[in-house]
Structures are given as structure tokens and as C-alpha cells.
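The values are calculated or read from the model by the stated rules, or taken from the named source; none is laboratory data. Remember, it's a predicted structure, so these values are computed and weren't measured experimentally. As a convention, Cβ positions derive from the backbone with ideal geometry for all residues, glycine included, and neighbour counts pool all protein chains shown. Please note that ligands, DNA and RNA were not included when accessible areas were found on the heavy atoms of the full protein model with its side chains. Shrake-Rupley method; radii C 1.70, N 1.55, O 1.52, S 1.80 Å.
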Amino acid sequence: MANRTFAIGDIHGELDHLRALVAKLPLLDEQDTLVFLGDYVDRGPKSEEVVRVVRAFERELGCRVVMLRGNHEDAWVRVVDRGWPEFVFPPGNGCLATMRSYVGGAHPADDEMPKPDEVDDLFAGRFFPADVIAWMRELPWFYEDEHAIYVHAGLLRRDGRFLHPSETEPRTALAWTREEELFTEYRGKRVVIGHTRTEYLPPELSGHTPHDPSDLWASEHVIATDTGCGSGGFLTAVELPSLTVYESR
């Protein structure tokens with residue numbers, strides 16, 4: 001089938017899951033598009049490697065590659081520009097894991113605090129190479145093709161309707177929003193997202209393995225792909241228009 005799109009959910013520093021998932025995809029060519037929905041870094045042990053590998057995929061895989069901005073990339077840009085300790089400090093955000101993947105050191109335990117000599121560089125994001133920060137700044141907020149709208153977090157609803165991403169201000173909302181109504185009330189063109197773990201979505205509204213809340217979540221109009229990679233879960237891709245699902249597990 002020509003003009004296929006493969007949307008891949010949040011990777012969160014899990015290189016092994018990324019490689020396992022890509023190995024399961026069919027052979028890709030110049031008519032195919034691979035859309036990454038953002039959140040390449042944090043939590044998992046290999047954020048540096050994930051960023052490097054994803055940035056090289058267009059050259060290596062022979063298809064079009066679209067890399068969207070996730071809230072974690074957006075957050076790191078804010079950290080570098082003006083600081084954001086409220087994002088960096090909570091261990092659950094996985095920021096220390098990202099720093100150690102760039103500078104070396106053991107992958108932190110889930111509740112581990114930074115060492116005194118790590119604090120300044122961590123809270124300023126100074127460990128990132130300049131080209132990586134520049135890459136994060138250029139990541140688009142959304143992508144659209146004939147199959148779907150692709151965005152990290154979702155769509156905003158204003159005055160009783162869901163806004164197209166091109167109408168949304170501030171654009172940062174596209175990487176951060178979590179509106180329950182998207183999953184229960186949206187009836188527009190299909191939207192494919194990451195960001196919100198599928199285990200937190202209503203399984204009874206999913207037409208894809210509703211008996212397994214950890215799996216991909218899909219209604220007629222919304223597909224959610226964040227199956228917990230980086231937090232003990234796995235990485236998921238969905239192929240459009242066939243709706244074939246691929247998993248790293």
C-alpha cells in the first residue's frame with residue numbers, strides 16, 4: 001500500500017524498545033512517512049542515543065521522517081532559556097536520567113536525587129550539546145496528512161468546538177493539554193496522539209483490546225499511543241490507513 005503513515009508514541013530514552021519496534025515495521029520506502037509524536041528523552045537510560053538515532057532515521061530508513069515536539073522537549077527548551085526547577089526537580093520526570101546519558105554515570109533509581117556537583121548543570125540543561133537544543137527548538141507542533149492529524153498531547157476545545165492545531169494559541173498547549181473531552185466527545189478528523197498514558201483512558205471506549213488498559217487506545221476518531229515506554233511499559237506504533245498496530249513487547 002502506498003502513502004502509508006506510521007505514528008510512533010513516546011520513546012522516553014528507551015533505545016532498545018525503539019530498535020525492537022522499528023525492526024517489526026514492514027520495509028519502508030520514499031512513499032511512506034514515519035511520524036514520531038514527541039518525548040524522545042527523560043526517564044529511560046539512553047536519551048542521548050535515542051535522539052541521535054531518531055535524527056539519523058531519514059537518511060537510514062529511506063522514508064520521510066517527521067519528528068514532533070513533545071512536552072519534555074518543550075520543557076527542556078524552557079529550562080535552557082530561563083530555568084524551570086519545577087520540571088527538573090521531580091524524579092518522576094526523569095531529567096537526571098537524561099543528563100547522565102549525556103555526561104556519563106549510572107542510571108538513577110526512580111527516587112534518586114542529583115548529586116551536589118550535578119545540580120547546576122542539570123537545572124540549567126547545560127549538558128545538552130548546542131545542536132540538540134537547536135533541534136528541539138525546530139521540532140514542529142503538529143503534522144497532518146490525508147489520514148489524520150498528529151500531535152503530541154491533543155486538541156483544545158474552545159467555545160464548544162475543538163480547534164485545529166493551526167488555530168491553537170499558545171502553540172505550547174499542543175504539547176501539554178490533557179482534556180478528557182477529546183476522548184469522549186471529539187468527532188472530527190482522526191487525531192493520533194501520545195502524552196497521556198493509555199492506562200489512564202477509559203478502556204470501555206477503546207475498540208482495540210479493551211480488556212488490556214495498557215495497550216494502545218483507539219476510538220473511531222482518536223488514537224492514543226503512549227503505552228508507558230520509559231515507565232515500565234513498551235513502545236507502540238500504528239500504521240495508517242490500515243490501523244495495523246506494532247509493539248516493542
Going toward the positive end of the dipole of the chain, with +1 on Lys and Arg Cβ and -1 on Asp and Glu Cβ, which of 83, 107, 207 do you reach last? 83
Length-normalised contact order of the stretch 55-112 in % [C-alpha pairs under 8 Å, at least 6 apart]: 18 percent
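Any idea what the dipole of the stretch 119-249 comes to, in debye rounded to 20, about its Cα centre with Lys/Arg Cβ at +1 and Asp/Glu Cβ at -1?
For this selection, approximately 180 debye.
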Relative contact order, percent, of the stretch 1-108 when contacts are C-alpha pairs under 8 Å separated by at least 6 residues? 29 percent
How many nm is it between the label spots at residue 176 and residue 121, if each spot is 7 Å from the Cα in line with the beta carbon? 2.8 nm
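For the chain, give the magnitude of the charge dipole about the Cα centre (Cβ charges: +1 Lys/Arg, -1 Asp/Glu; no others), in debye to the nearest 20.
For the chain, the charge dipole is close to 320 debye.
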Full extension from residue 146 to residue 159: what is 0.36 nm times the residue separation minus their Cα-Cα distance, to one decimal in nm? 2.0 nm
Segments 141-153, 42-54 sorted - mean Cβ within 10 Å per residue, highest first: 42-54, 141-153
For residue 137 and residue 113, compute 0.36 nm times the residue count separating them, minus their Cα-Cα distance, and round to one decimal in nm. 5.9 nm
Give the residue from 195, 31, 51 lying farthest towards the positive end of the charge dipole for the chain; charges sit on Cβ (+1 for Lys and Arg, -1 for Asp and Glu) and the dipole is referred to the Cα centre. 31
Under 5 Å, built H, 5+ apart or other chain: amide partners of residue 35: 6, 7, 8, 66
Just grab the label-to-label distance for residue 60 and residue 30, each label 7 Å out from Cα along the Cβ direction, in nm (one decimal). 2.2 nm
Determine the share of the stretch 198-249's accessible area contributed by carbon and sulfur atoms, expressed in whole percent, with a 1.4 angstrom probe. 54 percent
Want the number for residue 187 to residue 244: 0.36 nm per residue separation, take away the alpha-carbon distance, what's left? 18.4 nm
What base-10 log of the normalised intensity I(q)/I(0) is obtained for the chain from the Debye formula, alpha carbons as equal point scatterers, at q = 0.07 Å⁻¹? -0.22
Name the residue farthest towards the positive end of the dipole of the stretch 119-164 from the options 122, 136, 162, assuming +1 on Cβ of Lys and Arg, -1 on Cβ of Asp and Glu, about the Cα centre. 162
Using only Cα atoms, locate the centre of the stretch 156-182 and the centre of the stretch 1-21, then give the distance between them in Å, rounded to an integer. 25 Å
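Given a cut-off of 22 Å, what percent of all Cα-Cα pairs of the stretch 1-106 lie beyond it?
Of all Cα-Cα distances in the stretch 1-106, 34 percent exceed 22 Å.
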Contact order relative to length of the chain, as percent, for alpha carbon pairs under 8 angstrom and 6 or more apart: 23 percent
Say we join alpha carbon atoms closer than 10 Å with springs in a Gaussian network model of the chain; which of 16, 226, 81 then has the biggest fluctuation? 81
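If I take R0 = 25 Å and measure r between the Cβ atoms of residue 169 and residue 86 in this structure, what FRET efficiency does the formula 1/(1 + (r/R0)^6) give, to the nearest 0.05?
Values: r = 23 Å, r/R0 = 0.92.
Here the calculated transfer efficiency is 0.65.
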Check which residues have an amide H placed less than 5 Å from residue 223's amide H, if you skip close sequence neighbours. 191, 192, 193
Using the crude model of +1 on Lys and Arg Cβ and -1 on Asp and Glu Cβ, and no other charge, please compute the dipole size for the stretch 99-187 relative to its Cα centre, in debye to 20. 160 debye
Would you compute, from DSSP H runs of 4+ residues alone, the mean residue ellipticity of the chain at 222 nm, taking -39500 (n - 2.57) per run and dividing by the full residue count, rounded to the nearest 500? -8000 deg cm²/dmol
Each residue of the stretch 143-152 in order: what ³J(HN,Hα) in whole Hz does its phi give by Karplus 6.51 cos²θ - 1.76 cosθ + 1.60, θ = phi - 60°, with x for Gly and Pro? 9, 9, 9, 5, 8, 6, 9, 10, 8, 5
